[in-house]
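**Student:** Can you keep this structure in mind? I'll have questions shortly.
What follows draws every value from the coordinates through simple rules; no lab data is involved. It should be emphasised that the depicted structure is a prediction, and the values quoted were computed from it without experimental measurement. Methodologically, a virtual Cβ is constructed for each residue, glycine included, from the backbone with ideal geometry; neighbour enumeration extends over all protein chains shown.
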Amino acid sequence: MSSQGVPQGAVLAVVHEPVALSPGGPLVLELRGPLGPADAETVAARLAQRHRAFGVALDSHRPGHHTLRLTPPAAGGVAALPADLLADLLAPPPPGGEVLPVTGHQQTLLRAALTPAVIGTAPATGSSDGSDGGDGGDGGGVEQLYWDWSGPLDVARFAAAWQSVVDRECVLRACFEWVAAPRLVLHARAGADIAVCSPAAVTWPQLLRRDRARGFALHRPGLLRLTLLEAEPGGGAGAAPPRVLLTYHPALLDERGVHLLLREFYRAYAGGGVLPGGERRPDLRDHARWLAGQDTTAARQFWARAVPPPRAATRPGRPGGATGQSGPGLLHTRLRAPETFRLRSWAALRGAAESSALHLVWALLLYRAAGVAGPLPVSFGVQLSGRDIALPGAAGIPGLLDSPLPMTVTVDPAAPLADLLHQVRDTLLDLAAYPWASTETIRAWAPRPPAAPAGPAAGPGPVAGPVAGPAAGGGPLCGAGSTLVRFDGPLVLPKVLRSELAAQGVHADTPRSAAGATGGPLTLAARHDSAGGLGLGLFHDRAQLADEDAAALHSQCVRLLRALPEFRQAQASAGQLLDLLARAATPRMARPVPPAPHPALTVLRPGHPHADVICLVTAPGVPAGSYDLFVRGHHGPETIVAVHGDGAPGVLPAALHQASGPGRRLVLCGCGPGGRAAYELAQRTPHAPGMVAAVVMTGIGDAAAGASALARGVRSVLTPPP
């Protein structure tokens, strides 16, 4: 009989009763969930295969209840489960699948998707799972590209072509798992997510809004989907053609990777819906191995001296009040071909590319917003493709390989413009030597204050867990308050492929971007178009930069770019260029709001004074709504409380105080990373033996599945009141 382990969509509950271990004794775990004996054997076998140092024994009592005994190595036995073993137990790898570490910029974006903007545990108005109903696993931050379909459209061939791409590209069969350190899970099989809509049922603006609100379930494969809006009925000269909306999660793919996938799709469509050949190699697995093998010595030495200083200016607006707006915004302007040629020529005559001219202008705008006199360092993120590396075939790997790195230069308004141009050019060349670095690794490499203990040497792999904060020391990196400048190369299909499509009457339009997740308060993206012009898109977070201020900033940037070629004299200064904006108001940005402190404990539901206490441990990444559903569905006499699993002083004493009294015990519970945090809290209670009756941990799933798994585990350990 073949077994698939945990059924798809189901969530496993694991119950552990903390007891003092005898030397060489096993750790005992009860598995509660939709597992038959063969399924449980599969889970145990995979644990034994991936963690050979442990002895694994399984006793199956009945379907849905199994006892797992994990015996640590004889030498240096452990008293607690390693985090990676706990992750493999709560989130078993899929049959035939593989697991990769999430590193670098991808780790930053995943953390942002899993960390809600506001954390609260109010039982009536807030979310007891530590989220505000935002992105706590639902992947609400999405990117959207769209284009009109020109020519005949065969919907069946369209779907078959995308399915062929999914079968070839492992990135389209990937999802995330974040019980412990975040991991990328590659599935052996996945289906293409394609929907067809009628213009009579939904308008284009409505479709964009609904698609964005839908988000993604990050724990499920298929973090790219397509929606086809059919042509308007009649098909006359003024009728809108079919329009394709491609939506993807930025923690999985960068825009270059999406265009590589589009190229493969058009190849498949031109070939009748089938993409020849097997899986792509190299792919994400090869890139992960290459990344793990890098010698980081030179990169560490470079970033030890190149990390932005704390006083660097990073915000393009002066401090202001709340904007009263929300959501993403997008502005777009185009430099005409003659203007683009003049800008390119001006930079080339001074030994730089036009991307350096854009970086120069942005550095000046940051300097202007700081409102100081004299020289000042400024810092902003620049996007490197991450594909210009010594891995053969890396240029063709779809995925998230690009990374924003902090560019820091000193702006002196009295110095010649050429000096600042050369600064940004040379700094970019230095950054290009380490395109695989990221803000995560740079934080780990940055100098610490003298009092901080020296940590182990960090490589380009994961830094701490999915919710770890920034390391001490160093100035602003590409995080809160910073901005990002992208200069993207042209994205065109090969001429041979365009000819094949044209022979079938199909013209591949260039995709356009809808407002998407900016990854920060502001992103400035530049790209050449087919007519020789330079498009400038400004993506901004409207909660931080209001539409009016974004429009002013965008206009000022374009004005300086257009004026730059007029400054031909060698001694033309940066201050002279900024004088063009002397009468223009400086944009304002909302002041950063520090997160509210967590309460040590929140009572979600009072219960019987002699009954046990259920303590839900919250953490970023707990599936949104799962704890709320559990509280509403639990009808026992137990008191239910919530604590934050961040290790803050007072959390555990407050929970133990709730369970004080004869015969009362504490049951620590959590879904996903909340379960891991609950287990770690239980390990820190040697002063209260017997107080923690059990730890109930579940894997990651949707809210209903997580709440159901939690309820199964809790029911197995509750003590009825006297």
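**Student:** Can you list residues whose amide H is under 5 Å from Trp149's amide H, if they're 5+ apart or on another chain and H is modeled 1.01 Å from N?
**Tutor:** Here Arg243, Val244 satisfy the definition.
**Student:** What net charge is computed for the residues neighbouring Val274, neighbours being all others with C-beta under 11 Å from the C-beta of Val274, Lys and Arg scored +1, Asp and Glu -1?
**Tutor:** Cβ neighbours under 11 Å give a net charge of +2.
**Student:** Normalising by the residue count of the chain, find the relative contact order in percent from Cα pairs under 8 Å and 6+ residues apart. Don't skip to the answer; put the middle values down first.
**Tutor:** Working: 1549 pairs, mean separation 131.5, N = 722.
Once divided by the residue count of the chain, the mean separation gives 18 percent.
**Student:** With the crude spin-label approximation of a point 7 Å out along Cα→Cβ, what separation in nm comes out for Leu580 versus Arg214?
**Tutor:** Spacing of the two 7 Å Cα→Cβ label points: 4.4 nm.
**Student:** Relative contact order for the range 137-280: what percent, with Cα pairs under 8 Å and sequence separation of 6 or more?
**Tutor:** RCO, the range 137-280: 37 percent.
**Student:** Here's something else I'd like to know. About the Cα centre of the range 137-280, what is the dipole size in debye to 20, counting +1 per Lys and Arg Cβ and -1 per Asp and Glu Cβ, all else neutral?
**Tutor:** 200 debye
**Student:** For Arg189 and Val28, FRET efficiency with R0 = 41 Å and r from the beta-carbon atoms, rounded to 0.05? All intermediate terms of the calculation are to be shown ahead of the outcome.
**Tutor:** Working: r = 35 Å, r/R0 = 0.85.
The formula returns an efficiency of 0.75 here.
**Student:** If r is the Cβ-Cβ distance from Arg318 to Arg715 and R0 is 51 Å, what FRET efficiency results, to the nearest 0.05? Present the calculation step by step, with values, prior to reporting the outcome.
**Tutor:** Working: r = 57 Å, r/R0 = 1.11.
My answer for the efficiency is 0.35.
**Student:** Counting each pair of different Cα atoms once, what's the Kirkwood radius of the chain in Å, rounded to one decimal?
**Tutor:** 27.8 Å
**Student:** Where does the range 302-434 land on the Kirkwood hydrodynamic radius, alpha-carbon pairs, in angstrom?
**Tutor:** 17.0 Å
**Student:** Counting only other residues whose beta carbon sits under 10 Å from that of Asp283, what net charge do I get with K and R as +1, D and E as -1?
**Tutor:** Its environment carries a net charge of +1.
**Student:** Now for a different question. Given labels modelled 7 Å from the Cα in the Cβ direction, how far is it in nm from Ala704 to His608?
**Tutor:** With each label point 7 Å from Cα toward Cβ, the separation is 3.0 nm.
**Student:** What full-extension length gain, to one decimal in nm, is calculated for Gln571 and Asp286 as 0.36 nm per residue of separation minus the Cα-Cα distance?
**Tutor:** So the extension gain works out to 97.6 nm.
**Student:** Run through the range 568-649 and list the trypsin sites (Lys or Arg not before Pro) located in a DSSP loop whose Cβ has at most 11 other Cβ atoms within 10 Å. Can you show the working numbers first?
**Tutor:** Working: sites: Arg568, Arg583, Arg588, Arg632; in loops: Arg568, Arg583.
Here the trypsin sites (Lys or Arg not before Pro) that fit, given the DSSP loop and packing criteria, are Arg568, Arg583.
**Student:** What's the exposure ranking of Leu491, Leu100, Leu253, going from fewest to most Cβ atoms within 10 Å?
**Tutor:** Leu491, Leu100, Leu253
**Student:** Next question. Express in nm, to one decimal, how much length is gained between Arg62 and Ala531 on full extension, taking 0.36 nm for each residue of separation and deducting their alpha carbon distance.
**Tutor:** Full extension of this stretch gives 161.9 nm more.
**Student:** Turning to a different aspect of this structure: Between Ser555 and Leu349, take the C-beta separation as r, use R0 = 25 Å, and let me know the FRET efficiency to the nearest 0.05.
**Tutor:** 0.40
**Student:** So what are the ³J(HN,Hα) numbers for the range 372-378, from phi and the Karplus equation (6.51, -1.76, 1.60; θ = phi - 60°), rounded to whole Hz, Gly and Pro as x?
**Tutor:** 10, 10, x, x, 8, x, 10
**Student:** Using only the alpha-carbon atoms, how far is helix 155-168 inclined from the longest principal axis of the chain? Give it as 0 to 90 degrees, nearest 10.
**Tutor:** For helix 155-168, the angle is close to 70 degrees.
**Student:** Please give the net charge around Asp167, taking every other residue with its beta carbon less than 12 angstrom from that of Asp167, where Lys and Arg add +1 and Asp and Glu add -1. Please report the intermediate quantities before stating the final value.
**Tutor:** Numbers: positive: Arg168, Arg173, Arg189, Arg280; negative: Glu169, Glu264, Glu279.
Once positives and negatives cancel, what remains is +1.
**Student:** Would you work out the Kirkwood radius for the range 137-280? I mean one over the mean of 1/r across all pairs of different Cα atoms, in Å.
**Tutor:** 16.1 Å
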